[in-house]
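Contents: one structure, followed by commentary.
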Amino acid sequence: MNVKHLLILCAAVFAVGCGSGNSRDEQANGSIKSVDAPKPGEEFKVALLTPGSVFDSGWNALAYDGLQEIQKQMNATVTYKESKESDIPDDMRSYARHGYNLVFGHGFEYNKPAMKVAKDFPDTVFMTSSGGETAKNVGAFRFELEQGFYLAGYLAGLQTRTGVIGSVAVQNYPSIVSTLKAFEAGAKASNPACKVLPPVYFGTEGDVTGAKQATERILAERADIVIHQANAAAQGVFDACKEKNVLAFGSNADQNSNPSGVILGSAVIIAKPAFLELAKQVKAKQFTGGIVKFGMDKGAIDFVLNPKLADRVPVDQQQKLKTVAADIKSGKIVVPEDKF
């Protein structure tokens, strides 16, 4: 083979290696990739920034589901990336410079960076999942997950045998702290004598070992039911509970099918309608900033019992849970939420 032919062959191999590059590994590692190849002539472009992997079966996965719904229903060009801490402003700017109409930052930590970046890109709308600062092209949408956590706490108060329950979370972000307070409020509503341990924070996104160790600290204090806000590290919570034969609650997504077999139910966010509604407002140029709430009354929050463990929940407890859920949905019961 002569040099000319060798160069042609190398170029061909390089071209194949630099194709769509849309493998699951690359996506999980945070590369900026389109969910599908952009279609010619599309003008509506939506980006998603998440604090962890969109394959976490929880908080980040539900945002990815929302992004896919936007692509499906609106024929939009969509892309996503893991973005944390100091990278957040640069990632937001990059998408805005590339003409993205809407940039979602999926978490409280994206709100302040969005406020700073948005000033330089008035034609791009920045939406964050929680947060209290808004502008003409900056909004926050708040899933009132507190309602689902309240129901989980209510059931935990009825179910606990030791009279002690607890929670584990990755960080003490205001949006997370608020849900854990609602869990405690629910438990006290059904069982005033129940002891709710202070939350244990393990600090690093995706740290399964850290989440397990945090859970073990709670179990060592006789807790027999645990809820989490651990995102991709949730498996550590479930593993610790399985080893001690105690119950857990899933959160954000329906995690009832987790193979640990310890999940009594899940406090769930149904994200697709919310993401789609906000995207439609932006595309129609009807978005004016502000905070939008999505709760049980809008079908965005639910608490789902695990059918495989339903026999652990007596009929009278199930009925009480249904009554409380209906009262929350109607507004008869107002679940406490922190302002942030």
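The values are calculated or read from the model by the stated rules, or taken from the named source; none is laboratory data. Here the structure is a predicted model, which is why all the values come from computation and not from measurement. Here the Cβ is made from the backbone with ideal geometry for all residues, glycine too, and neighbour counts use every protein chain on show.
Mind checking which strands (runs of 3 or more DSSP E) fall wholly inside the stretch 4-112 and carry at least 3 residues that are modelled with pLDDT of 55 or more and among the β-branched types (Val, Ile, Thr)?
On the way: elements: 45-50, 77-82, 102-105.
Hits in the stretch 4-112: 77-82.
Among Glu144, Glu85, which is the only one that is of a type in the set (Asp, Glu) and within 29 Å of Phe303 (Cα to Cα)? Explain how you work it out, then say what you get.
On the way: Glu85 fails: within 29 Å of Phe303 (Cα to Cα).
Testing whether each residue is of a type in the set (Asp, Glu) and within 29 Å of Phe303 (Cα to Cα) leaves just Glu144.
Identify, please: which residue in the stretch 134-149 is over 15 Å from Lys293 (Cβ atoms) and not hydrophobic (A, V, I, L, M, F, W, C) and is, among those, surrounded by the fewest Cβ atoms within 10 Å (Cβ to Cβ)? Outline the logic, then answer.
So the first thing to find is which residues in the stretch 134-149 are over 15 Å from Lys293 (Cβ atoms), and the list is 135-138, 149.
Add one more test, that the residue is not hydrophobic (A, V, I, L, M, F, W, C), and what stays is 136-137.
Values: Lys136: 12, Asn137: 22.
Restricting to residues being over 15 Å from Lys293 (Cβ atoms) and not hydrophobic (A, V, I, L, M, F, W, C), the top hit is Lys136.
From the set of residues in the stretch 90-102 that are more than 21 Å from Tyr173 (Cα to Cα) and among the aliphatic types (A, V, I, L, M), which is surrounded by the fewest Cβ atoms within 10 Å (Cβ to Cβ)?
This residue is Ala96.
Is at least one residue of the stretch 127-141 aliphatic (A, V, I, L, M) and under 17 Å from Gly58 (Cβ atoms)? Steps first, answer last, please.
Filtering the stretch 127-141 for residues aliphatic (A, V, I, L, M) gives 127, 135, 138, 140.
Of the ones still in play, those that are also under 17 Å from Gly58 (Cβ atoms) are none.
No, the stretch 127-141 contains no residue that is aliphatic (A, V, I, L, M) and under 17 Å from Gly58 (Cβ atoms).
Out of all the residues in the stretch 49-107, which are at negative phi, out of contact with any Gly (no Cβ under 9 Å at 6 or more places or on another chain) and among the polar types (S, T, N, Q)?
If the condition is that a residue be at negative phi, out of contact with any Gly (no Cβ under 9 Å at 6 or more places or on another chain) and among the polar types (S, T, N, Q), then Gln68, Gln71, Gln73, Thr77, Thr79, Ser86, Ser94, Asn101 are the ones that fit.
Among the numbered criteria (1) under 20 Å from Leu309 (Cα atoms); (2) modelled with pLDDT under 95, which single criterion is violated by Tyr173?
In the conditions (1) under 20 Å from Leu309 (Cα atoms); (2) modelled with pLDDT under 95, Tyr173 misses (1) alone.
From Asn306, Asn252, Asn245, grab the single residue that is on the phi > 0 side of the Ramachandran plot and buried (at least 19 other Cβ atoms within 10 Å of the Cβ).
On the way: Asn306 fails: on the phi > 0 side of the Ramachandran plot; Asn245 fails: buried (at least 19 other Cβ atoms within 10 Å of the Cβ).
Asn252 is the lone residue from the list that is on the phi > 0 side of the Ramachandran plot and buried (at least 19 other Cβ atoms within 10 Å of the Cβ).
Out of the stretch 215-237, which residues are within 22 Å of Cys194 (Cβ to Cβ) and touching a His at 6+ places or on another chain (Cβ under 9 Å)?
Once the filter is applied, which keeps residues that are within 22 Å of Cys194 (Cβ to Cβ) and touching a His at 6+ places or on another chain (Cβ under 9 Å), the stretch 215-237 yields Thr215, Val237.
Has the stretch 249-271 got any residue that is part of a helix (DSSP H, G or I) and of a type in the set (Gly, Ala, Ser)?
Step one: filter the stretch 249-271 for residues part of a helix (DSSP H, G or I), giving none.
Within the stretch 249-271, not a single residue is part of a helix (DSSP H, G or I) and of a type in the set (Gly, Ala, Ser).
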